Each structure stands twice: as C-alpha cells, then as structure tokens.
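Throughout, read-outs are computed from the coordinates displayed, never taken from laboratory work. None of these values were measured; they are calculated from a predicted model. For neighbour counting, all protein chains shown are included, and Cβ atoms are generated from backbone atoms with ideal geometry for every residue, glycine included.
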Amino acid sequence: MASLPDRSYTTQPQGTNAPLGGWQTFFATGPRPAPSDGFPEPTHRIPLNVCGAMTGKKKSAQASLEAMYRVFTVPEAPESTLSRIDQDISRNLAGFLQEHIVAIERDLSEVEKDFSDYVIPEKPVFVSEQTQFLLDKLVANSVHTASPAFIGHMTSALPYFMLPLSKIMIALNQNLVKTETSKAFTPMERQVLGQIHRLVYQEDGSFYRKWMHDPRHALGAMCSGGTVANLTALWVARNRAFPAEGSFRGLHEEGLFRALKYYGHEGAAIVVSKRGHYSLRKAADVLGLGRDALVPVETDEFNRIQTDALRDKCLELQKQKIKIMAICGVAGTTETGNVDPLDAMADIAREFGAHFHVDAAWGGPTLFSRTHRHLLRGIEKADSVTFDAHKQLYVPMGAGLVVFKDPSLASAVEHHAQYIIRKGSRDLGSTTLEGSRPGMAMLIHSGLKILAREGYEILIDQGIDKAKTFANMIDEQPDFELVTRPELNILTYRYCPEDVRQALAMADELQAEKMNTCLNRITKFIQKTQRERGKAFVSRTRLEPARYYHFPCIVFRVVLANPLTTPDILEDILREQRELSKEDGIADEMAILHQMAAAVLKQNQKEARQA
Ligand SMILES: *Cc1c(COP(=O)(O)O)cnc(C)c1O
C-alpha cells in the first residue's frame with residue numbers, strides 16, 4: 001500500500017503551500033513524510049463505506065509527526081467525501097439538506113447510541129471516514145431549520161452568501177479579544193456596533209466620528225447571543241446601581257453584600273413583564289441577586305406590560321427598600337412577538353432612577369422597516385438594547401450584541417490585564433463578558449452591506465404581512481382558534497372544533513377549565529405528531545388567555561422568518577393538523593371534548609328558554 005501512486009497528500013509541509021516560516025524551521029528536523037500515513041485521504045480512494053472491500057484490507061490512518069504536518073497543510077483530495085460534500089453544499093445547499101436530513105423523526109435515544117463511546121479514540125481515522133460518519137449519523141439526524149415549512153422557532157434559513165463568507169472567517173481565525181489577534185476585525189466590529197447604535201439611537205455624524213473608534217470607549221459589546229447580551233447589559237446596570245462613593249469602592253470591587261449594606265438597601269430587583277425571556281432570570285442568578293430578584297409584572301391582553309402595574313410594583317419595591325436596578329422592556333416577546341410600551345416604560349425608569357434596558361433580541365430589526373418601526377417608539381430612550389444578529393439579521397448562530405446609549409456606560413464593567421486588553425488600547429475585550437471571541441462581526445457587516453436597510457426592510461415587512469395573512473387564514477377556519485394576533489411576525493393558535501368554540505364562548509370557569517384541559521392534550525398530540533411526521537414544524541408553548549380565566553392553555557406557536565414560506569405551505573400545515581386531529585391516538589380525548597361541549601351548549605339552551 002505504501003507505494004500507491006497519485007496521492008493527495010504529496011505536498012510537503014516544507015513546500016510552497018507552507019504558510020509561514022517560523023514553525024517550519026521548528027519542525028524541519030522531524031522525520032520525512034512517510035507517504036502512507038496522515039489524515040487526508042489518498043485521491044484514488046473509493047468512498048469509505050465500501051473501502052477495504054475491494055482489496056480485502058482496510059487502510060488505516062496513523063498518528064505521526066508527518067501526519068500532523070499534513071493535517072495543517074494538505075487539503076482533502078477533490079474526490080474525497082469531504083470535498084464532495086463541500087461541492088454539493090456550494091452548488092445546491094437546499095438540495096443537500098433535503099437529501100441528507102431524514103424527514104421522519106428518529107427517537108433521540110436511538111440517536112444516542114451513535115454517540116455512546118466514552119473513550120477518546122486512541123488511533124486516528126482519515127478525514128473522509130469521519131466525514132462519512134458525520135453525514136450518516138449527524139447530518140442525517142439534524143433538524144431542517146432552513147425548510148420553509150419549519151416555522152416553529154426563531155432559528156431559520158440563512159442567505160446563501162453566509163456560507164462561503166463564514167469560511168473566510170474560520171480561515172482567518174481572528175480573536176476579537178484584542179487587536180493583536182484581530183487587527184482590522186476590531187475596527188470592523190466597532191463599526192458594526194456603531195451602525196446598530198445609530199439604528200437604535202439616531203445620533204448625528206459627529207457623535208459617531210467621536211466615539212466609534214475611541215480607544216477608551218465602546219458603543220456596545222458583541223457576544224455569542226441574546227442571553228449574554230442581556231447579562232452584559234444587566235451587569236453594567238448592577239455595577240452602576242452601586243457605584244464607588246466615599247469609603248465604598250463600588251460593587252464591582254466589594255460585592256453585592258457590602259454594596260447593599262453601604263447604600264442601606266434590603267435587596268435589588270430587575271423588573272420585567274411576565275413575558276420576559278428566561279435569560280433575564282439566569283442573569284439575576286449569575287449577577288448574585290438570585291432568581292427571586294427578577295420581578296414579573298402583569299401584562300395586558302396583548303402580552304404587553306401594564307404600565308400602571310409596573311409603577312405600582314416599583315413603588316412597592318421602593319417601600320421595601322429594594323433597589324430597582326433595572327427595568328426591562330421587551331421588543332418582540334419570544335412566545336407571542338409583542339412589544340412593550342417602551343416610551344412609557346422609559347419615563348417610569350427615569351422616575352425611579354433605574355437603568356432602562358430593552359430586550360430587542362427578536363424585534364430589534366423591525367427598526368429597518370419604515371412601516372413598522374413606530375412599534376418600537378421609545379427604544380431610543382433605553383440605556384442599553386439587546387440585538388440578536390443570529391435571529392432577524394440572518395447571521396449564523398453565535399452572534400448577539402448589546403449597544404449602550406451613553407458611550408461611557410461600558411466602563412462600569414471595564415477590566416484590564418497586563419498581557420492583553422491594556423488600558424488605552426482599542427481592545428474590545430476590555431468591556432466584554434466573554435474572552436476569546438470569533439470574528440462574527442464580519443458576517444453581520446456583510447449582511448448589513450449585502451442586504452442593506454432596504455433588504456432587511458423587505459424581510460421584516462413580508463414576515464409581518466405573512467403573519468397577518470396566516471392569522472386571517474386561521475380566522476376563516478371554523479375549527480381553528482387564533483390565540484394571539486400577530487403584532488410582529490409571531491402568532492399562536494390551536495385546533496378547536498366548532499362546537500367546542502361555541503361552548504367555550506359561553507362556558508363558566510370550571511367548564512372552560514375542563515374543556516381547555518382536554519384541548520391541551522389534543523394540541524400537544526397534534527404538535528408532536530406533526531413534528532414526528534417530518535413534513536412541517538410548529539412549536540408549542542403555554543399561555544394564560546384572559547378570556548379563559550387565565551387558565552394555562554397549550555398553543556401552537558409560529559414564527560414567520562423564512563422568506564421562502566408561502567401561503568400554500570401555511571394552508572398545508574393547517575390541513576395536516578386538521579387531519580391529525582382525527583387520528584386514533586387522540587380519538588378518546590376528542591370524544592370526551594365533544595360530549596363536554598354538547599353538555600355546555602344544552603345547558604345554555606335550557607337557560608335561554610327559561611329566561
Ligand atoms: C432569543 C431571545 C433571547 C436569547 O437569545 P439567545 O440568542 O438564545 O441567547 C433573549 N430575549 C429574547 C426576547 C429572545 O427572543
């Protein structure tokens with residue numbers, strides 16, 4: 001085998017392909033490459049699943065210094081599994097996903113069997129062998145998030161160009177924690193933060209010329225997602241709420257316990273509507289306040305915070321000597337896509353001297369739309385705003401950011417080290433929670449430039465329009481019930497037979513509770529079965545509609561972010577759900593539900609006659 005001709009790995013590490021001089025000299029004393037080992041596969045090799053069958057002998061990869069050289073320098077052969085996949089994906093991504101992801105759901109406990117080895121392999125394998133494994137076991141059992149019928153979650157399709165551009169990002173492998181490992185990526189990230197800052201706060205040119213690249217300030221912080229963005233914002237809020245004063249060196253030095261003692265508070269709170277994202281509770285926990293410190297406020301029938309209830313809650317906290325550290329508005333609630341009255345909330349935050357944070361992880365990009373941006377009125381009064389780029393900026397997973405109204409705000413969490421992020425450097429690492437970070441700003445920058453405001457406006461507008469179309473479609477079906485009408489591009493609904501809808505409209509609390517309990521089981525069955533069949537996916541959540549006496553109702557949740565989702569697809573989804581409601585698996589439940597509805601309707605007719 002050692003003398004087989006035409007190998008892909010003939011490139012010597014010392015050859016012209018070698019990227020840099022330094023490590024070469026270092027390794028120059030190593031053994032000459034033995035042609036038969038190394039991880040990239042020989043070009044002539046047939047696909048691995050049949051490999052060995054023809055020769056009767058399976059060639060194996062070997063670990064050696066030469067093999068290590070090779071994995072860092074030699075590309076895969078053009079006919080290798082990896083190269084084929086690479087070409088397939090570049091040529092026809094949708095086709096590739098369609099072909100390789102199996103539609104029918106496989107039980108997770110089955111999938112776990114493919115990942116049950118707990119010993120790190122001792123011996124290496126060829127890249128192509130691993131690639132084939134990934135294709136068979138991982139890709140096949142992944143979720144087709146890019147499918148236009150996958151409308152259950154906030155994770156959806158990406159624009160095509162993100163794929164090759166992300167290769168550039170990985171090839172460069174820059175680290176944004178410091179300019180020494182990122183150079184041009186740092187100014188680019190600062191520009192992206194500046195552009196989102198401007199989208200939110202609309203400051204003038206001189207503001208951005210002054211602050212965007214100022215080494216002592218940052219207009220925001222880039223991070224891995226909305227969770228860390230919210231945590232970063234509340235970290236800033238916490239440190240600002242208990243600053244250094246007199247003998248007290250500030251919470252960031254002395255901790256929460258001493259801060260409360262010094263300032264004479266009994267505790268600290270973050271106030272948000274009860275539709276606030278669960279990441280805020282995590283933040284309260286991580287920041288040392290405890291989860292109880294996240295104080296939920298009642299919402300109105302449109303899932304928006306009740307401002308009267310908010311003020312009452314703040315007064316109550318004040319009376320209990322609890323410091324109101326932050327008030328959080330939500331621009332696009334995760335479950336229902338509603339927007340809090342941000343303008344009024346900003347005024348309340350000012351009244352109580354609280355940091356005003358807006359979680360616009362989902363709804364932020366609505367600002368691109370001239371038609372809908374008014375929904376976020378007041379966002380410009382926020383001290384900090386969270387944006388999730390991997391949601392409606394259509395950037396791959398792992399990109400979120402927070403922007404600060406005041407360029408000096410981030411200094412509340414500033415930290416320095418001697419070997420990096422030195423004082424006065426432009427290093428963005430000095431105000432981020434995370435340390436080493438990838439150059440995701442490059443993909444946000446690319447989206448903002450390639451799609452531009454006009455492109456994002458179209459995406460936002462069509463998503464909201466489509467949600468309205470779908471809501472109307474649901475309204476027209478006698479056996480479906482729209483539960484929350486879309487304000488942005490998220491809505492909730494459920495399957496509810498016509499007689500049950502009539503009965504629910506006149507049911508008392510106990511009757512409604514019984515029917516809703518039944519409906520909950522039916523909704524869950526339909527949602528699960530539809531997901532398992534693999535043609536379409538909506539998610540499910542639990543809401544407490546006022547019209548059903550705030551009883552927890554399970555509902556289908558739909559997020560319309562994929563521009564390729566058509567009204568036909570939406571109609572098909574309703575049709576399949578209606579058919580699923582007739583399946584044996586839920587027949588008993590359905591029979592009981594109809595009986596209950598009949599009883600309610602009969603009782604009502606009797607009462608009407610008597611009246
Ligand atoms: C998605 C989301 C988050 C969390 O973002 P991750 O990127 O999942 O960490 C926070 N808040 C809201 C409103 C969200 O929609």
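When the label point is put 7 Å from the Cα of Glu110 along its Cα-to-beta-carbon vector, which residues of the stretch 528-544 have a backbone N closer than 16 Å? From the stretch 528-544, the list is 529-535.
Taking other Cβ atoms within 10 Å as a rough exposure proxy, His213, His550 sort from fewest to most as His550, His213.
With r as the distance between the Cβ atoms of Glu351 and Asp136 and R0 = 51 Å, compute the FRET efficiency 1/(1 + (r/R0)^6) and round to 0.05. For R0 = 51 Å, the calculated efficiency reads 0.25. Once both labels are positioned 7 Å from their Cα atoms along Cα-to-Cβ, the gap between Asp465 and Asp285 label points is 4.3 nm. Here the extension length gained between Glu434 and Thr541 equals 35.4 nm, from 0.36 nm per residue of separation less the Cα-Cα distance.
Work out the FRET efficiency for Thr371 and Met506 from their Cβ-Cβ distance, taking R0 = 41 Å, and round it to the nearest 0.05. Efficiency, rounded to the nearest 0.05: 0.60. Available extension along the chain between Glu583 and Glu99 is 171.4 nm, counting 0.36 nm per residue and deducting the alpha carbon span. Considering only Phe387, Val413, Met506, and ranking their Cα positions along the charge dipole of the stretch 366-518 that arises from unit charges at the beta-carbon of Lys, Arg, Asp and Glu, the one farthest toward the positive end is Val413.
The fewest-to-most ranking of Val236, Val403 by surrounding Cβ atoms within 10 Å reads Val236, Val403.
Potential lengthening of the chain between Ser90 and Phe207 amounts to 38.0 nm, from the contour at 0.36 nm per residue minus the alpha-carbon distance. Take the Cβ atoms of His415 and Thr155, set R0 to 45 Å, and the FRET efficiency comes out at 0.90.
Near Gly329, the amide H atoms lying under 5 Å from its own belong to His357, Val358, Asp359; only residues 5 or more places off or on other chains count, and H is placed 1.01 Å from N. Each residue of the stretch 364-375 was assigned a 3J(HN,Hα) from its phi angle through the Karplus expression (A = 6.51, B = -1.76, C = 1.60, θ = phi - 60°), giving x, x, 4, 4, 6, 8, 5, 6, 10, 5, 4, 4 Hz with x at Gly and Pro.
What relative contact order, as a whole-number percentage, does the chain give when Cα pairs under 8 Å and 6 or more residues apart are counted?
Working: 1043 pairs, mean separation 87.1, N = 611.
Reported relative contact order: 14 percent.
Compute the separation of the alpha-carbon centres of the stretch 302-368 and the stretch 471-517 and state it in Å as a whole number. If you average the Cα positions of each part, the centres end up 29 Å apart. For the chain, the Stokes-Einstein estimate of translational diffusion at 37 °C and a viscosity of 0.692 mPa s comes to 118 µm²/s, using the Kirkwood hydrodynamic radius over alpha-carbon pairs. For the stretch 397-404, 3J(HN,Hα) computed residue by residue from phi via the Karplus equation (6.51, -1.76, 1.60; θ = phi - 60°) reads 3, x, 9, x, 7, 10, 10, 10 Hz, glycine and proline entered as x. Selection among Ala77, Ala218, Val102 by position relative to the dipole of the chain gives Ala218 as farthest towards the positive end (Cβ unit charges, Cα centre). For the stretch 182-302, the relative contact order comes to 18 percent (Cα pairs under 8 Å, sequence separation of at least 6).
Considering only alpha-carbon pairs that sit under 8 angstrom and 6 or more positions apart, the relative contact order computed for the stretch 236-303 is 26 percent.
Distance between Cα centroids, the stretch 161-233 to the stretch 269-293: provide it in whole Å. Distance between centres, Cα-based: 26 Å.
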